[in-house]
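Okay, so here's the structure we're looking at.
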Amino acid sequence: MDYQSRNPAPIDSLTQQRLASVLSAAYSDSDIRDAVAILDARFVENTPESRRLLRAGVQADVINSHAQIVRDFAGVSERLARIGGALKSINDLISDLRARSNSAVTETAPVLDESSGLLKNREETAQKQVVLSAFTQNFTISDDEREILIDSGEPVDARFFNVLHNVKRIHNDCSLLLSSGNDRAGTEIMDNMAKLLNSAFQKLYRWVLRELKALSLESPQVNSGIRKALRVLAERPTLLQNCLDFFAEVRQKIIVDSFYVAMTGAPADSDVDQPLDRKVKPIEMYAHDPLRYVGDVLAWLHSTAVGEQETLEVLFIAPELDTQKSIVSKMQEGLKSEPWVNARDEDDDEDDTSFDVHASLLSLVNKDMELVIKPLRTRIEQAITSQESSTLSYRLFSLINFYRVTFEKLLGVNCILVTTIQNLEIAALRQFHHTLSDHVRTVRNQLPQATDDLSPPEFLVEALSELSKLLKTFTSSLGAEEDVSDDLNRIFELALDPYLECCDEIGHALAPKSRHIFLFNCLYAVQTCLRNIGVASDRSEKLELSMRSHLDDLIAIEHGDFLEQSGIKPLITILEQHGSPYSPGLSDKLFQNYSLQAIGQKLDAFLSSALLDARKDLARLSSRSTIDEVVHSAVARFISDFERLEEGISEALSQSGEGTEEEMSHVWPRTAAEVRVLLS
């Protein structure tokens, strides 16, 4: 008993599983927790009765729940049945509609096919309409535009240029039609556009002629329509050249009238009795001086040429914002279309279609000035040939030379205006040479004699005055780096050398000393004239050499006069013949042939007034410093000869045994030191 109580009976496996399940259950499990919560609510008292009814109550609740579910599903089933009926009705209706739809499709299929074809045709027609509209817009012009382009009654304005641009575009676009196989349409349209372009350019050409005839270049404002018309007309070089030729003729007449107004105060074809405009000062009435007259005429010519060039630049080659629309590009395009125009003026073999607008502009300015050249040349030539003054002729030459260089820079070398001025320059230079030659010829035919004071002759003074003016004019007209040696030598050859030759001829009739004094004075006057002129430095150096030659001759003559007046010249001659004071036989000739005491007395008389006489003899020299130089040099030579003579006399006395100083003083009273003191 006790053993059984201590060892209970074994539990079956089912019970063990339940027990294990109960023991393994955790309160954290939600199902266990819900079951326990329900059990707590239903199981109030823990009695055997309540434990026995617990299972029955739970089962009853489960059965009630199932019954409620069945009832709910019965309502669902009823509703599903109603839905099924509704679906069947719908299916029947859909089947009926499908049958009707198939019947309708069968009946409307031909109509739909026909409508599809119509819609496709409509789309193709719309596309063709777009193509036709684009073709019409791009390759045709309206009747109104045609009238604007070719009708002479319509003005040439912005509409004309727009239509012309459109026609040129159509003409160029015809190449697209030709390249795409539309040969007939492209050819017909191109022919029509070419005819319209020719008619339009002819209308534009006539309009430009009328406008150029009435155009006033004196106005600072130039019509922009003219410039645009010329740019467009440049595509036809032949028409443009005709316009330029006509314009040049108009400008020639205007410039000639302006020239006559500037010269006389009235146009060339005006009435003689017509009153002059007081605001205009005619050159022929106010410019009496020939230099001012020629200067005013050339200044007017230069002002007119510059104004003509500047205005034509504004008219023809003003800078454009679009270089493709400039007259240069248009002219180059025109030369490509009309290559015979370029070949007509150029015979070279190069294929050059370029267009030099500046050269053409200068050519136009040159052509505008052609008609005024003849009256201008006549007046200037008359002013040149009427001058007898060499200075004024050379001033005219310098003035014309200045304007010739100016016009060469402005218009170029190959210009008829520059050629005319160059010929006038040659005429002025020829007149300058002619006046100088005439004056020299007059002087040679009437050579005067030298004056008593041996001063430069009057014709040389006048020539030097003219030469000074010529050299000042020549210097003022020089360029910065210009070689002037040839021109300067030419001036000296014409304006100086002939007069110096005349002075030489005058000097040949004089005594040697007077001749050298006279020629030195002439050269000194020339040297004084050229002293302050820098370009004449070479000629001044040559004059210095010539003057030095005459001074040397004067020194030699004065030295000979000193020897002659002092009486020692025979002794010096004997001394020079023996070559040395110590030569044998010198004493015999000195003491036998000459009286040394008499020569000594003559020497004393000479020494007392030698310097005064020499200066008085040379007083006609123009330069005081030159007089001193000649006297001092002649004295130095005389003293040197006297020393040699004294040495020879002393040696001669020594050979004869009388060489003491006392004996020397009796024979030869003066020593070289005393002579140097007396002549110093």
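The values are calculated or read from the model by the stated rules, or taken from the named source; none is laboratory data. Everything numeric here is computed off the predicted structure, so don't read it as measured data. Cβ sites come from the backbone with ideal geometry, for glycine too, and all protein chains shown count toward neighbours.
Looking only at the range 410-431, decide whether some residue is in contact (Cβ under 8 Å) with a residue 12 or more places away in the chain, more than 24 Å from G307 (Cβ to Cβ) and over 35 Å from the mean Cα position of the chain (by Cα). Yes. Please verify whether L177 is outside any loop (DSSP other than H, G, I, E, B) and touching a residue at least 40 places away in the same chain (Cβ under 8 Å), treating the condition exactly as stated. No; evaluated as a whole, the condition is false for this residue. Answer yes or no: is there a residue in the range 596-618 that is surrounded by 13 or more Cβ atoms within 10 Å (Cβ to Cβ), modelled with pLDDT of 80 or more and assigned to a loop (DSSP other than H, G, I, E, B). Yes, there is a match, as at least one residue in the range 596-618 is surrounded by 13 or more Cβ atoms within 10 Å (Cβ to Cβ), modelled with pLDDT of 80 or more and assigned to a loop (DSSP other than H, G, I, E, B). From the list E211, E154, the lone residue that is in a loop (DSSP other than H, G, I, E, B) and within 30 Å of F246 (Cβ to Cβ) is E154.
A single member of S465, S455 is modelled with pLDDT of 80 or more and either in a helix (DSSP H, G or I) or closer than 21 Å to F402 by Cβ (or both), and it is S465. Pairs are defined by a Cβ separation below 9 Å, a sequence spacing of at least 6 or placement on different chains, a first member in the range 632-649 that is farther than 14 Å from R670 by Cβ, and a second member that is of a type in the set (F, W, Y) and surrounded by fewer than 17 Cβ atoms within 10 Å (Cβ to Cβ); the pairs so defined are G648/Y582.
In the range 91-99, the count of residues that are under 30 Å from R236 (Cβ atoms) and of a type outside the set (K, R) is zero.
Of everything in the range 557-595 that is buried (at least 17 other Cβ atoms within 10 Å of the Cβ) and modelled with pLDDT of 80 or more, the residue that is farthest from V630 (Cα to Cα) is Q565.
Matching residues to (1) over 18 Å from F135 (Cα atoms); (2) crowded, with 17+ Cβ neighbours inside 10 Å; (3) more than 28 Å from the chain's Cα centre (by Cα):
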site: D173; (1), (2), (3): no, no, yes
site: N198; (1), (2), (3): yes, no, yes
site: L233; (1), (2), (3): yes, yes, yes
site: F247; (1), (2), (3): yes, yes, no
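Being modelled with pLDDT of 80 or more and in a loop (DSSP other than H, G, I, E, B) holds for only one residue in E249, E235, E308, and it is E235.
Contact map, the range 52-66: residues that are in the same structural domain as A41 (by TED's automatic domain parsing) paired with residues that are surrounded by 10 or more Cβ atoms within 10 Å (Cβ to Cβ), Cβ distance under 8 Å, separation 6+ or inter-chain. Pairs shown: L54/L39; L54/R42; L54/F43; G57/R42; V58/R42.
The set of residues from the range 619-636 being among the polar types (S, T, N, Q) and either part of a helix (DSSP H, G or I) or in contact with a Cys (Cβ under 8 Å, 6 or more places away or on another chain) (or both) comprises S625, T626, S633. Just to be sure, is L149 surrounded by 11 or more Cβ atoms within 10 Å (Cβ to Cβ), assigned to a helix (DSSP H, G or I) and not aromatic (F, W, Y)? Yes; evaluated as a whole, the condition is true for this residue. Among residues of the range 243-263 that are within 13 Å of A214 (Cα to Cα), those with a beta-carbon under 9 Å from a residue that is at pLDDT 85 or above and outside any helix (DSSP H, G or I) at least six positions away or on a different chain give the pairs R251/M369.
Among the residues making up the range 520-569, those that are hydrophobic (A, V, I, L, M, F, W, C) and touching a Ser or Thr at 6+ places or on another chain (Cβ under 8 Å) are F520, L523, A525, C529, L530, I533, V535, L551, I555.
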